[in-house]
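The values are calculated or read from the model by the stated rules, or taken from the named source; none is laboratory data. Computed from a predicted structure; not experimentally measured. Please note: Cβ atoms are built from the backbone with ideal geometry, for glycine as well, and neighbour counts cover all protein chains shown. These area figures cover heavy atoms from the full protein model, side chains too; ligands, DNA and RNA do not enter into them. Shrake-Rupley method; radii C 1.70, N 1.55, O 1.52, S 1.80 Å.
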Amino acid sequence: MLKKTAKLLVTSSLVLGLASTAATAAEKVYKWKLATTWGPTLHPFIDAPTNMAKMVEEMSDGQLQIRVDASNKHKSAFGIFDMVKGGQYDMGHSASYYWKGKDINTLPFTTMPFGMTAPEQYAWFYYGGGMDLMKKAYAPHGVLSYPGGNTGNQMGGWFRKEINSVEDLKGLKMRIPGFAGEVMAKLGLTVTNIAPGELYTSLERGTIDALEWVGPGMDIKMGFHKIAPFYYTGWHEPATELQFLVNEKKFNKLPKHLQSILVTAMRVSAYDMYIENYDMSGTAWSQMESEYPNIKIKTFPKEVMDAMKKANDELLVEMTKDQPLLKEVLDSQKAYMKKARKWTEMSDYLFLKDNL
Ligand code: CA
């Protein structure tokens with residue numbers, strides 16, 4: 001009798017054990033880390049990863065938790081790509097053009113000078129083949145990339161003096177990243193990229209003479225106008241798309257429903273950052289004349305714009321030589337822009353032109 005009871009007990013504890021293992025697998029909690037290029041108070045950039053992580057945690061009822069580490073924590077503002085690729089971080093939030101030196105094929109997924117506007121570029125990403133090309137460019141690195149929030153058209157930057165000719169640009173030291181930096185270098189500027197947290201000090205100390213950052217919503221808070229009051233309209237970053245990076249192996253280990261929650265939260269938070277930035281810039285611009293009367297709004301003269309366009313076209317030819325994937329991406333963007341721009345002209349452009 002005693003023996004029989006003991007056997008029964010063993011059997012039931014086995015069954016219970018199996019059941020609890022199955023429950024653990026279904027509800028396993030995933031704790032991820034995300035590294036971003038931005039500082040903890042750099043709105044709205046920091047809001048895209050922060051909102052994404054919050055949405056993911058709520059939608060998954062706590063099953064996927066993502067800790068967001070700002071640049072002051074990991075101390076590597078431009079090391080996001082390497083840290084996600086190497087697996088030190090599961091995710092990143094940054095901008096694809098920051099590592100053009102590591103893989104040139106990743107350059108065009110942020111923005112290109114004289115390129116598409118934000119609605120055109122989003123249409124290209126999601127309906128014009130852009131996502132497939134971005135996947136192809138990041139595949140050799142074991143990294144997945146998703147749009148992570150757009151700044152819309154950026155301002156051309158802050159200068160200490162007025163720019164009346166190409167000659168005035170020569171010899172200036174300027175912070176300007178991406179392909180636009182190469183265009184400016186061809187026009188005789190010394191070009192550098194500097195992490196967001198060091199921009200003001202670099203301008204103040206004269207390490208640089210001029211810089212571009214984003215647009216009024218973000219720029220004015222930085223105080224650049226106190227040193228370099230000539231504020232030029234944009235040409236170089238018409239639709240800067242930030243990005244989420246995900247380590248592919250880690251992504252593949254997530255159950256399907258968490259993958260879906262993550263992808264949805266990235267897309268929603270990207271859209272939210274786009275409109276948050278629009279709101280910030282609209283508000284800042286409307287206050288500029290009364291609050292900051294010393295800011296001088298300028299547009300580069302035709303001579304300068306023509307020289308930029310010429311340098312841009314020549315550099316594109318040089319850069320795509322022996323770079324078939326880069327050429328494929330740029331050709332795709334160019335063809336899409338040609339198609340979409342006709343509609344932009346007929347819709348938004350004509351509407352604005354007739355109603356301003
Ligand atoms: Ca910029």
- [ ] Taking G171 as meeting all but one of (1) more than 17 Å from F230 (Cα to Cα); (2) touching a residue at least 40 places away in the same chain (Cβ under 8 Å); (3) open to solvent by 20 Å² or more (accessible area, probe 1.4 Å), write down the number of the exception.
- [x] (2)
TODO: Hey, can you tell me all the residues within region 206-227 that are among the aliphatic types (A, V, I, L, M), within 16 Å of the ligand (Cβ to nearest atom) and more than 10 Å from Q154 (Cα to Cα)?
DONE: I208, A210, L211, M218, I220, M222
Task: Some residue of region 219-228 being surrounded by 16 or more Cβ atoms within 10 Å (Cβ to Cβ) and touching a strand residue (DSSP E or B) at 6+ places or on another chain (Cβ under 6 Å) - done: yes
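To keep it simple, each residue is scored yes or no on (1) open to solvent by 30 Å² or more (accessible area, probe 1.4 Å); (2) among the charged types (D, E, K, R).
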position: M52; (1), (2): no, no
position: V56; (1), (2): no, no
position: M59; (1), (2): yes, no
position: R67; (1), (2): yes, yes
position: K73; (1), (2): yes, yes
position: A77; (1), (2): no, no
position: F81; (1), (2): no, no
position: V84; (1), (2): no, no
position: Q88; (1), (2): yes, no
Task: Among the residues listed as T111, T106, the single one being crowded, with 21+ Cβ neighbours inside 10 Å and in contact with an Asp or Glu (Cβ under 8 Å, 6 or more places away or on another chain) - done: T111
Open item on the list: Checking the conditions here, which among V166, V191 is modelled with pLDDT of 95 or more and either open to solvent by 40 Å² or more (accessible area, probe 1.4 Å) or in contact with a Lys or Arg (Cβ under 6 Å, 6 or more places away or on another chain) (or both)?
Closed with: V191
Open item on the list: Being within 16 Å of the ligand (Cβ to nearest atom) and in a strand (DSSP E or B) is the requirement here; does L203 meet it?
Closed with: no
Task: Members of region 327-356 found to be among the charged types (D, E, K, R), in contact (Cβ under 8 Å) with a residue 24 or more places away in the chain and surrounded by 15 or more Cβ atoms within 10 Å (Cβ to Cβ), listed by number - done: E328
TODO: Looking only at region 116-131, count how many residues are touching a helix residue (DSSP H, G or I) at 6+ places or on another chain (Cβ under 8 Å), surrounded by fewer than 23 Cβ atoms within 10 Å (Cβ to Cβ) and either part of a loop (DSSP other than H, G, I, E, B) or hydroxyl-bearing (S, T, Y) (or both).
DONE: 3
Task: Selection status of A239, away from the ligand (no atom under 13 Å from the Cβ), touching a residue at least 60 places away in the same chain (Cβ under 8 Å) and in a loop (DSSP other than H, G, I, E, B) - done: no
- [ ] Would you check if Y138 is out of contact with any Lys or Arg (no Cβ under 7 Å at 6 or more places or on another chain), more than 15 Å from the ligand (Cβ to nearest atom), farther than 19 Å from F81 by Cβ and modelled with pLDDT of 95 or more?
- [x] no
Open item on the list: Six or more apart or on different chains, Cβ atoms under 6 Å: show the pairs whose first residue is in region 139-161 and within 19 Å of T50 (Cα to Cα) and of a type in the set (S, T, Y) and whose second is modelled with pLDDT of 95 or more and away from the ligand (no atom under 16 Å from the Cβ).
Closed with: S145/M134; S145/Y138; S145/L245; Y146/F244; Y146/M266
